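Here the structure is laid out as structure tokens; the discussion comes afterwards.
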Amino acid sequence: VQLQASGGGLVQAGGSLRLSCSVSKSIISTSSLAWYRQAPGKQREFVAQISDRGNPNYAESVQGRFTISSDNAGNTVWLQMNNLKPEDTAVYYCSRRSIFGNDSWGQGTLVTVSS
């Protein structure tokens, strides 16, 4: 499975960005799609996840500001990011978990929020 993330860029604090991730098709069904991020000098952290039933889950730090969504086929996952803060600056990665628990990762897209 291949994932391709896009949509990153430079934005001022308070602004918005929408990340997209295309997911190649697989004969093995998807359990969930998620976004993670890694800031400079820090470990990768969970941002948001959406299950195959469309149920979202968010990290506390982005709750109320970010929205994860996907198409019905699970071929694309989006992350709408509003009211961005400088601490949201990171490389954002999309991931896919199969029904067997195997994870696939995209290459990452850089989001930079200026103060």
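Points worth noting:
- Subset tally (residues that are open to solvent by 20 Å² or more (accessible area, probe 1.4 Å), within 14 Å of residue 34 (Cα to Cα) and part of a loop (DSSP other than H, G, I, E, B)) for the stretch 100-115: 3
- Filter result (of a type in the set (Gly, Ala, Ser), in contact with a Phe, Trp or Tyr (Cβ under 7 Å, 6 or more places away or on another chain) and open to solvent by less than 10 Å² (accessible area, probe 1.4 Å)) within the stretch 57-94: none
- The residues on offer are 58, 36, and the sole one that is of a type outside the set (Val, Ile, Thr), under 14 Å from residue 105 (Cβ atoms) and within 12 Å of the chain's Cα centre (by Cα) is 36.
The values are calculated or read from the model by the stated rules, or taken from the named source; none is laboratory data. Bear in mind the structure is a predicted one, so any value in this text is a computation, not a measurement. Cβ coordinates were reconstructed from backbone atoms using ideal geometry, including for glycine residues, and neighbour counts include every protein chain displayed. Areas reflect the complete protein model, heavy atoms only, side chains present, ligands, DNA and RNA absent. Shrake-Rupley method; radii C 1.70, N 1.55, O 1.52, S 1.80 Å.
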